[in-house]
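Worksheet for the structure shown next.
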Amino acid sequence: MSGAGGETGQGQLIVGPFNRVEGDLEIRLDIAEGRVSAARINSPLYRGFERMLPGKDPRDALTIVPRICGICSISQSAAAARALAMAVGEVPEPQGERMAALIHAVENVSDHLMHFNLFFMPDFTRPQYQARGWYDRAVARFTAMEGSALKRAVEARAGLLHVLGLMAGKWPHTLAIQPGGVTRAPSERDRLRILASLTAFRRYLEDTVFGAAVEDFAALSSVPALMGWQGGDAGLFLSIAADLDLADLGRGSGRYLSFGAYPLEGGHGFAPGIWDGGAQPLDIAAISEDLSHSWMLGPAAHPAQGVTDPDEDMRDTAYSWCKAPRLAGRTMETGALARQVIDGHPLALDLVRDGNGGGGVLARVAGRLLELARSQILMEDLARGIVPEARFMAGPLKISDGIGEGLVEAARGALGHWLRIEGGRIASYQIVAPTTWNFSPRDAGGVPGPVEAALEGLAVQPGETTPLSVQHVVRSFDPCMVCTVH
């Protein structure tokens with residue numbers, strides 16, 4: 001990551017591009033008295049997927065939209081399949097839905113693993129931390145290309161992805177998830193192979209990440225209990241977090257959004273909803289996308305009525321290609337922490353209480369670790385529930401005019417696809433990705449997006465052009481910038 005411009009005590013600082021992040025990201029910081037007084041996040045890469053789709057056969061979306069991203073392509077596939085299913089009135093087979101949930105969970109878990117080991121923890125190997133007591137251990141574990149934790153994580157991830165090779169055919173960009181279920185019916189032998197892969201991954205989590213049973217970590221119910229955890233790489237992170245006071249760094253608004261992860265016949269693996277001082281139901285109709293600070297033309301609108309019309313003149317009042325999603329006019333943070341808060345897990349709820357830092361860097365990363373542990377248990381349950389003799393695909397799919405929405409949870413948070421079919425062709429297709437929510441620009445009221453707000457007040461040390469505090473906060477949100485602008 002490189003920085004340029006301004007004095008760090010007073011003035012302006014341009015930070016970017018961020019390495020280890022998929023896609024471009026640039027942040028303009030206003031600095032006053034050695035702290036960030038305002039931040040503006042630029043998503044400089046416009047891609048145009050929403051403009052590629054109109055006029056095409058609705059089934060083409062299942063092939064095109066996974067290409068939005070090479071990290072969360074299954075999330076895009078799952079959202080597209082659900083949007084198409086709703087639009088044409090298709091109901092997926094319950095066993096197909098279960099298998100789709102397992103395929104999706106494998107991708108999300110893989111993303112969490114890579115974020116922790118490759119994107120987030122290497123920042124603590126920087127020379128600025130060499131006087132810290134944990135530094136040598138962090139260097140040995142997380143130095144880029146050399147750390148022992150990185151090598152082990154890549155090996156474990158490769159083993160877990162065997163499940164996708166078996167059931168999804170390939171990763172990324174599978175066509176296995178369809179509106180009616182999944183394309184491959186697993187045999188009993190497949191079920192046992194899936195369970196064997198999950199058992200091997202559990203062994204890695206318990207030996208390396210947690211240093212204890214995943215059930216023990218999932219059972220933590222308070223921040224003091226969490227901070228007393230000493231096992232595995234999670235214990236190393238928590239000791240670093242305590243030393244650097246990461247609980248208070250980059251605190252969020254305390255408002256969280258989840259579309260609900262892994263829809264199943266009897267509900268969701270992790271519940272949908274919002275959290276704003278308490279659990280509340282989610283009103284999808286209250287979503288709108290503000291364009292006042294985006295290089296886009298048109299009024300604020302719900303995604304179902306939204307348009308993607310680039311402002312080729314790139315007016316001066318705007319500073320990003322990213323739209324600004326809002327829920328009833330409010331910014332909302334989304335991601336693993338949001339899912340665990342909305343699902344009501346006691347540790348997640350304690351992490352976002354004001355007295356515990358109110359959802360800062362510690363909370364976001366701990367939320368991912370908690371979800372890693374809980375997802376392992378969920379994946380094993382999904383695999384054990386496979387019934388090989390059942391139907392896994394409804395169909396054949398009949399295309400008809402209609403409107404549909406596909407609401408899923410990618411690793412980074414709430415992902416929504418909105419589809420309208422007219423005359424047997426796609427008339428409109430709009431996408432709101434997790435990073436669009438978190439890394440949005442200001443809205444018409446001048447309210448900054450979640451990450452912009454979380455950066456305000458951060459200390460910038462004399463001579464810093466790439467502030468470590470900024471890096472920690474940005475990476476705690478786990479941006480995937482190619483998913484941001486379509």
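Quick note: the coordinates plus some simple rules give every number you see, no bench work behind them. All values reported here derive from a predicted model rather than from experimental measurement. Glycine also receives a Cβ, built like all others from the backbone with ideal geometry; neighbour counts cover every protein chain displayed.
Overview of results
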item	result
R0 of 41 Å, Cβ-Cβ distance Glu155-Asp276: FRET efficiency to nearest 0.05	0.50
The range 323-333 - phi-based ³J(HN,Hα) in whole Hz, Karplus 6.51/-1.76/1.60, Gly and Pro as x	6, 10, x, 9, 10, 6, x, 9, 6, 9, 8
Debye, to nearest 20: dipole size of the range 48-483, +1 on Lys, Arg Cβ, -1 on Asp, Glu Cβ	880
Charged-residue dipole, Cβ positions (Lys, Arg, Asp, Glu), the range 30-132 about Cα centre, Debye nearest 20	300
Spin-label zone in the range 297-316 - amide nitrogen under 15 Å from a point set 7 Å from the Cα of Ala444 along the C-beta vector	297-303, 306-307
Protection-proxy order for peptides 110-120, 26-36, each taking the mean of Cβ atoms within 10 Å per residue, highest first	110-120, 26-36
Protection-proxy order for peptides 167-174, 395-402, each taking the mean of Cβ atoms within 10 Å per residue, highest first	167-174, 395-402
Residue among Leu166, Gly406, Pro54 farthest towards the positive dipole end of the range 48-483, charges placed on Cβ	Leu166
Whole-number percent relative contact order across the chain, with pairs defined as alpha carbons under 8 Å at least 6 apart	26
Estimated 222 nm signal from helices in the chain, with DSSP H stretches of n ≥ 4 weighted -39500 (n - 2.57), rounded to 500	-10000 deg cm²/dmol
Cut-off under 5 Å, modelled amide H: who pairs with Ala300 long-range	Leu291
Mean Cβ neighbour count within 10 Å, used as a protection proxy, ranking 260-268, 442-450, 354-362 highest first	354-362, 442-450, 260-268
Karplus 3J(HN,Hα) series, Hz, for the range 373-379 with 6.51 cos²θ - 1.76 cosθ + 1.60 (x for Gly, Pro)	5, 5, 5, 4, 5, 5, 4
For the range 471-482, Karplus couplings with θ = phi - 60° (6.51, -1.76, 1.60), whole Hz, Gly/Pro x	4, 4, 5, 4, 6, 5, 7, 6, x, 10, 5, 5
Given charges at Cβ of Lys, Arg, Asp, Glu: the chain dipole, positive-most of Ala304, Ser253, Ser294	Ala304
For the range 338-466, with +1 on Lys and Arg beta carbons and -1 on Asp and Glu, the positive-most of Val365, Ala444, Phe392 along the dipole	Phe392
Cα-centre dipole for the range 209-344 with unit charges at Cβ (Lys and Arg positive, Asp and Glu negative), debye to 20	260
Förster radius 22 Å - calculated FRET efficiency between Arg330 and Ile284, Cβ distance, rounded to 0.05	0.95
Separation in nanometres of the label points that stand 7 Å from Cα toward Cβ, at Tyr46 and Glu188	5.8
Between the range 351-399 and the range 271-316, the alpha-carbon center distance in angstrom	26
Segment Glu389-Arg203, extension gain: residue separation times 0.36 nm, minus the distance between their alpha carbons	64.0 nm
Under 20 Å from the Cα of Lys398 - lysines, other chains or at least 8 residues apart	Lys56
Whole-Å distance, taken between Cα centres, linking the range 200-265 and the range 130-187	18
Added length on full extension, which subtracts the Cα-Cα distance from 0.36 nm per residue, Leu175 to Arg35	45.6 nm
Candidate lysines - alpha carbon under 24 Å from Lys170, same-chain residues fewer than 8 apart omitted	Lys151
